[in-house]
1. Quick one: would you say ASN53 is open to solvent by 20 Å² or more (accessible area, probe 1.4 Å), under 26 Å from the mean Cα position of the chain (by Cα) and at negative phi?
2. Would you check if PRO82 is open to solvent by 20 Å² or more (accessible area, probe 1.4 Å) and out of contact with any Cys (no Cβ under 6 Å at 6 or more places or on another chain)?
3. Considering only segment 361-391, state which residues are of a type in the set (Val, Ile, Thr), open to solvent by 10 Å² or more (accessible area, probe 1.4 Å), touching a Ser or Thr at 6+ places or on another chain (Cβ under 9 Å) and modelled with pLDDT of 95 or more.
4. Which condition from (1) at pLDDT 95 or above; (2) more than 28 Å from ALA39 (Cβ to Cβ) is the one that PRO203 breaks?
5. Determine if segment 464-478 includes at least one residue that is surrounded by fewer than 20 Cβ atoms within 10 Å (Cβ to Cβ), in contact (Cβ under 8 Å) with a residue 24 or more places away in the chain, in contact with a Lys or Arg (Cβ under 8 Å, 6 or more places away or on another chain) and within 23 Å of LEU310 (Cβ to Cβ).
6. Kindly list, by first and then second residue, each pair from a residue in segment 287-315 that is on the phi > 0 side of the Ramachandran plot to a residue that is open to solvent by less than 10 Å² (accessible area, probe 1.4 Å), limited to pairs with Cβ atoms under 8 Å and residues at least 6 apart or on different chains.
7. Condition check: aromatic (Phe, Trp, Tyr) and out of contact with any helix residue (DSSP H, G or I) (no Cβ under 8 Å at 6 or more places or on another chain). Does PHE352 satisfy that?
Amino acid sequence: MPSLPLTRRRVGQFAGAWALAAPLTGVRAEGGRKVLRFAFSSAESSFDPIKVNDLYSRTITPHIFEGLYHYDHLARPAKIKPQLAEGMPEVSADFRVWTVRLKRGVFFADDPAFKGQKRELVAQDFVYSFKRVFDPANKSPIVGGMITVGLTGLNALREEAIARKIPFDYGREVEGIRALDRYTLRITLDQPRPRLLETLAQPDLLGAVAREVVEFYGDKIDAHPVGTGPFRLKQWRRGSLIVLERSPDYREVLYDAEPATDDAEGQALLARFKGRRLPLIDEVQVSIILENQPRWLSFLNGQIDMLATLANAVPSEYINQAMPNGKLAPNLARRGIVGRRQVNSDNALTMFNMEDPVVGGYTPEKVALRRAMSLGYDVQREILVYWRGAAIPAQSPIVPHTSGYDPAFKSEMSDYDPARAKALLDLYGYVDRDGDGWRERPDGSPLLIEMTTQPEQRFRTFDELWKKALDALGIRVKFIIGQWPENLKAARAGKLMMWQLSSSAAGLDGQSALARLYGPEAGSQNMPRFKLAAFDRLYERMQALPDGPERDALFLEAKRIAATYLPWKNRIHRIDADLMWPWVVGYRRPLFWQDWWQYIDIDDTKRA
């Protein structure tokens with residue numbers, strides 16, 4: 001589900017961005033406390049799980065909140081296991097009824113909302129937390145996806161609140177999710193959902209929230225996350241510094257995992273940490289450092305401990321400096337720094353608003369305009385100039401490491417053919433009628449592309465690549481600069497013509513990427529507002545089918561529709577590098593999940 005800005009270079013605002021790194025300077029373990037110093041390349045938005053969709057906030061929330069299930073930290077291929085559930089769910093033969101029993105004796109972190117009483121987690125907390133997604137007043141960005149899951153009666157409750165303009169009725173019991181007793185949860189679905197377990201394994205979005213906390217803090221709930229997880233919020237300077245500390249109320253959870261028997265790295269980590277109480281560290285300090293150069297220098301100077309994961313990977317312009325030819329640079333190795341590379345489960349995207357009068361629409365001339373702009377854009381040039389070779393062309397919405405991804409699949413997405421692009425424009429009436437060197441629309445009105453971008457210098461590379469491509473086709477382009485959070489809101493509201501962003505997988509099932517084209521997701525994941533009945537039917541069939549050849553064939557058809565209508569241009573999958581100082585122990589890059597800080601240890605004897 002996640003949408004996030006592309007990581008790009010900026011040196012023009014070096015001084016301002018460097019100042020954001022300052023809180024980390026000189027931090028060391030105090031009184032035996034172990035502190036992980038991390039950074040985000042973009043700012044967080046909220047710490048209320050149902051209100052977040054950006055990678056950065058979603059990296060914080062699963063360390064505070066917990067879900068019914070989560071991913072095994074070491075298992076490759078990925079494996080889901082219980083978190084707050086007592087065991088795996090009981091599932092009916094038709095995949096419509098799921099029964100989950102909760103662990104007993106799990107308590108929320110102490111908070112004034114509980115008025116001095118210990119507050120145990122119960123099944124009703126999950127009923128309430130799921131209902132919050134459907135409450136129209138919360139404007140949850142994940143509601144579209146949850147509607148497609150089909151929890152019986154929940155969307156009807158939402159629609160009633162909207163139609164009658166009344167508060168959402170949390171007290172009304174619905175069949176879709178209900179507490180059978182204090183520790184037993186039953187989920188009932190309108191349609192078969194063989195992969196519901198992946199939805200339940202998202203503590204970052206569907207972690208348990210206590211109703212008392214939400215009502216106590218009201219519209220300030222974004223800044224008061226209270227969960228059952230290993231950490232609690234200690235300090236927050238919005239857009240600058242986030243500090244989490246070990247929750248003193250966290251139950252006894254011991255390090256355990258199930259790496260494959262032939263997984264040497266995983267087995268070594270398990271042998272080293274098995275049986276130790278989590279979290280292994282006492283505090284995590286996250287500084288927001290928007291610019292690549294100061295974030296890179298902060299790492300080299302030892303001010304942050306890692307450049308790792310999608311939220312804080314090695315900036316693309318420094319990958320070849322850090323790991324030339326895929327190997328750690330000797331000067332870094334001599335300092336004890338550890339480096340790793342892998343292809344990400346992500347997509348860099350360009351969005352076309354399908355409701356926009358210029359680039360949107362489904363008629364042949366509108367499809368031709370989008371295809372021409374796609375063919376005129378040089379993806380390989382982007383990989384060379386910006387990613388320094390650390391990316392591969394994307395052929396479809398489906399990303400590596402997920403079901404439906406086929407490295408042999410080829411589409412027009414990655415083609416660069418300016419001659420074909422110009423021929424398409426000429427054929428469908430996008431020609432220069434007045435001789436000024438710029439094409440007009442088929443009706444003779446001006447053709448002007450408005451592409452939204454961000455102010456950081458790293459975005460200039462992409463702006464320049466697109467301007468060069470469109471100039472060569474005789475298409476005017478104007479860049480509109482806005483901040484990332486505002487651009488995200490505007491994109492969801494259908495107010496942007498074109499925008500560039502990226503998205504990373506949140507689970508094993510590749511169908512989650514196709515939500516970006518599913519009609520009912522318009523205004524949420526489906527930012528282009530693409531609406532095609534044939535695609536929606538295909539998407540719904542895929543949801544009900546078990547994995548197998550029939551579903552694989554639907555994946556192929558979905559890829560072809562995406563390439564034909566082109567509401568998104570899927571450009572590249574990144575090859576990221578992770579670097580860490582030798583005192584960071586136990587790190588293994590997560591594939592889809594964001595909760596991993598509790599498994600990291602800090603060996604302060606190595607800092608010297």
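1. no
2. Working: open to solvent by 20 Å² or more (accessible area, probe 1.4 Å): yes; out of contact with any Cys (no Cβ under 6 Å at 6 or more places or on another chain): yes.
The answer is yes for PRO82.
3. Within segment 361-391, just VAL367 meets the criteria.
4. Condition (2) is where PRO203 drops out.
5. Within segment 464-478 (the criterion being surrounded by fewer than 20 Cβ atoms within 10 Å (Cβ to Cβ), in contact (Cβ under 8 Å) with a residue 24 or more places away in the chain, in contact with a Lys or Arg (Cβ under 8 Å, 6 or more places away or on another chain) and within 23 Å of LEU310 (Cβ to Cβ)), the answer is yes, since at least one residue qualifies.
6. Matching pairs, first to second residue: THR309/THR59; THR309/ASP578; THR309/TRP596.
7. Numbers: aromatic (Phe, Trp, Tyr): yes; out of contact with any helix residue (DSSP H, G or I) (no Cβ under 8 Å at 6 or more places or on another chain): no.
No; evaluated as a whole, the condition is false for this residue.
Every residue, every condition in (1) open to solvent by less than 10 Å² (accessible area, probe 1.4 Å); (2) in contact (Cβ under 8 Å) with a residue 12 or more places away in the chain, yes or no:
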{"site": "SER502", "(1), (2)": "yes, yes"}
{"site": "LEU508", "(1), (2)": "no, yes"}
{"site": "ALA515", "(1), (2)": "yes, yes"}
{"site": "PRO549", "(1), (2)": "no, no"}
{"site": "LEU566", "(1), (2)": "yes, yes"}
{"site": "PRO590", "(1), (2)": "no, yes"}
{"site": "ASP595", "(1), (2)": "yes, yes"}
{"site": "ARG607", "(1), (2)": "no, yes"}
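The values are calculated or read from the model by the stated rules, or taken from the named source; none is laboratory data. Source: prediction; values computed, not measured. Virtual Cβ from ideal backbone geometry, glycine too; neighbours counted across all protein chains shown. For the accessible areas, the whole protein counts, side chains as well, though only heavy atoms, and no ligand, DNA or RNA atoms are used. Shrake-Rupley method; radii C 1.70, N 1.55, O 1.52, S 1.80 Å.
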